[in-house]
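Bear in mind that the values in this text are calculations on the coordinates, not laboratory data. What you see is a predicted model, and the numbers here were worked out from it, not measured in a lab. Positions of Cβ are generated from backbone atoms using ideal geometry, with glycine treated the same way; all protein chains shown enter the neighbour counts.
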Amino acid sequence: MKSLRSLLALLFLFAPISVSVLAQENTPQAMMIGMFHFSNPGKDVVKVDKVIDVLSEESQAYLKGLSGRVTTEFNPTVVLLEYNPKNDAIIQQRYQDYLAGTYELGVNEVYQLGFRVAKQSGARIASFDERSVNWEAGPLFEALANGYPEINVKNKQWLADTTAEKAYDNANLSLQEMLQKLNRRETDLANIDSYLFTNVVGAGEGFEGAMASSSWWKRNFFMYAKIQAHSAPGERIFVIGGQGHTAILKQLLEADNHLKGVDVYPLLNSPS
């Protein structure tokens with residue numbers, strides 16, 4: 001009788017641990033990578049004339065290696081991509097053609113990294129972009145020009161310095177070095193700080209700075225909601241987006257108790 005009680009006690013002791021371990025294994029996971037736009041469409045505030053050639057032999061070798069590492073280490077079940085949802089049928093058909101060997105990958109990161117990872121891991125693809133809301137900066141720039149000369153000068157200097165830095169990086173860094181820089185925490189924080197700097201404009205009056213900032217955060221909250229919509233138990237979500245988005249999205253992921261974040265940074269290093 002004593003031995004039976006001891007056995008039952010052990011079963012009750014380890015049962016919660018087993019349930020906890022099972023729950024952790026079933027928790028959806030997300031890995032995010034911040035990018036520059038490979039095809040350089042010129043839609044960002046900070047514009048450069050020329051970006052890294054992702055079709056060069058060096059860049060292609062790196063992208064193939066990175067795709068393999070993401071597949072091996074994370075093995076996503078879904079790859080979320082930043083493209084206009086209105087173009088979903090076109091992108092889905094291109095992906096099917098790529099799987100069939102009849103589509104040559106375009107320059108865009110959607111194809112160069114997204115399609116490669118999805119094919120190797122057997123994942124589905126989907127858009128997580130949202131174009132119904134955008135950065136409403138017009139009133140902010142007007143207020144800067146008319147009533148905030150000091151902040152306006154500093155903001156213009158920030159834009160000039162950032163443009164010069166990006167031009168230098170694209171001319172001198174390898175693709176690996178660029179992606180490593182874009183996915184450092186300090187780069188994300190610097191990106192967020194650029195919105196906080198002008199957030200004070202119109203405080204207590206028109207709140208032009210805060211309205212501009214909140215409109216950008218709103219778009220990213222919409223995009224994060226789309227990521228959450230894919231976070232069923234057991235899902236592994238690989239998110240490829242512009243660094244201006246992932247700087248915010250990573251902060252949301254870090255605070256999310258229902259979606260486990262996995263750091264992409266270690267995979268950005270090429271094996272020695």
| note | A correct Kirkwood calculation over the Cα atoms of the range 174-272 returns a hydrodynamic radius in Å of 15.2 Å
| field | Taking all pairs of distinct alpha-carbon atoms in the chain, Kirkwood radius in angstrom | value | 20.8 Å
| field | Placed amide H near GLY242: partners under 5 Å, 5+ positions off or other chain | value | MET35
| query | Which pairs, out of LYS119/LYS181; LYS156/LYS260; LYS64/LYS181, put more than 29 Å between their alpha-carbon atoms? | reply | LYS156/LYS260
| query | Along its principal axes, what span do the Cα atoms of the range 80-130 show, with the longest given first and each in whole Å? | reply | 29, 19, 18
| remark: Cα extents of the range 50-118 along the principal axes, largest first, in whole Å, come to 32, 32, 23
| request: Using a/c under 1.5 as the rounded threshold, could you call the range 217-272 rounded, prolate or oblate? The axes a ≥ b ≥ c are square roots of the C-alpha gyration tensor eigenvalues, and prolate needs a/b larger than b/c, oblate otherwise. | output: oblate
| the range 65-128: GluC sites (Glu not before Pro) in DSSP loop, at most 12 other beta carbons within 10 Å | GLU104
| request: Mind jotting down the distance between the C-alpha centroids of the range 189-252 and the range 106-152, whole Å? | output: 10 Å
| Relative contact order (percent) for the chain, with alpha-carbon contacts under 8 angstrom and 6 or more residues of separation? | 37 percent
